[in-house]
1. Can you tell me, using C-alpha contacts under 8 Å and at least 6 residues apart, the relative contact order of the chain as a whole percent?
2. Kindly write out, for the range 82-99 in residue order, the coupling ³J(HN,Hα) from the Karplus curve 6.51 cos²θ - 1.76 cosθ + 1.60 (θ = phi - 60°), rounded to whole Hz, with x marking Gly and Pro.
3. Sorting 109, 214 by accessible area (1.4 Å probe), largest first, what list results?
4. Assuming R0 = 22 Å, what is the FRET efficiency of residue 129 and residue 158, from their Cβ-Cβ distance, to the nearest 0.05?
5. Taking the Cα-to-Cβ direction at residue 113 and at residue 48 and moving 7 Å from each Cα, how far apart do the two end points lie in nm?
6. Tell me the mean residue ellipticity at 222 nm calculated for the chain from its helices only (DSSP H runs of n ≥ 4, each -39500 (n - 2.57), averaged over every residue, nearest 500).
7. Taking the DSSP beta bridges in the chain as the whole, what percent of them are antiparallel, to the nearest 5?
8. Taking 7 Å along the Cα-to-C-beta vector as the label spot, tell me the residue 56-residue 104 distance in nanometres, rounded to one decimal.
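The values are calculated or read from the model by the stated rules, or taken from the named source; none is laboratory data. As the structure is a computational prediction, the values presented were derived from the model and not from experiment. Glycine also receives a Cβ, built like all others from the backbone with ideal geometry; neighbour counts cover every protein chain displayed. Heavy atoms of the whole protein, side chains included, go into the accessibility calculation; ligands, DNA and RNA do not. Shrake-Rupley method; radii C 1.70, N 1.55, O 1.52, S 1.80 Å.
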Amino acid sequence: MDYTLKRSKRRTTVAIKVAEQKLTVYAPFYVPQTEIDAWLNTKQDWVAEQIAKQSMQAERRQLPLVNATIKLFGQNVPIVFGKGPKNTWQQDARPQLTLLISSRVKHQEANYLALLEQFMHEKLESYIEMRVHDYCLQMSETLPTKLKIQHYKRRWGSCNKRRELTFNLHLASAPTWVIDYVVVHELAHLLHMNHSAKFWQRVSQFYPDYKKAEQWLKANGSSLSW
Ligand SMILES: [Zn+2]
């Protein structure tokens with residue numbers, strides 16, 4: 001058993017303290033080390049128990065955002081943090097997301113955030129893939145060459161000349177009717193690479209309520225970050 005020995009002149013008895021999962025022994029000068037070690041051996045169980053208790057408390061302190069929720073497709077989803085054999089998430093029928101981090105990894109909080117981001121990324125990506133397929137059929141448009149999800153500061157989506165579509169990761173928190181609008185907007189750019197009257201005509205043909213969606217994004221866009 002490792003410990004720090006602190007001797008003092010005033011002490012008349014031997015005492016032990018467990019703090020921050022470390023053991024300190026306080027003893028008078030006249031007690032020999034062998035005697036201290038022998039006495040400590042009788043206290044082993046108690047010390048081990050204290051250390052285990054404290055490491056559990058320390059672990060609990062490392063968990064971020066207890067009682068946190070995340071908005072997924074406009075709905076609040078409570079997040080439960082926990083330990084698992086590996087970094088993973090679970091989502092069952094309940095509207096609840098469980099994030100599990102391996103207890104072997106360092107920087108637990110950063111891992112939870114990375115895992116949460118991964119979760120949101122996958123959710124948004126599969127939703128957008130589905131809607132891009134739907135709307136391409138409706139709009140008689142050929143599929144884009146690439147779909148990407150990434151962080152954008154000031155835009156919800158983009159479309160380039162190589163017919164690659166990119167969507168803002170934070171759309172994952174928006175209601176699906178708003179995401180649909182961004183999908184139609186970007187798909188309309190495949191035909192019109194500008195915001196001309198013809199472009200808006202095409203948008204309104206396949207998404208008549210586009211002004212409502214634009215207004216929603218203006219009013220609530222900044223609250224979509226997490
Ligand atoms: Zn545009």
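1. Result for the chain is 12 percent.
2. Using θ = phi - 60°, the values come out as x, 9, x, x, 8, 6, 7, 10, 10, 9, 9, 4, 5, x, 8, 10, 10, 9 Hz.
3. In descending accessible area the options line up as 109, 214.
4. 0.85
5. The answer from the label model is 3.9 nm.
6. Values: 6 runs with 94 residues, N = 226.
It comes out at -13500 deg cm²/dmol, rounded to the nearest 500.
7. Of all bridge pairs located within the chain, approximately 50 percent are antiparallel.
8. 2.3
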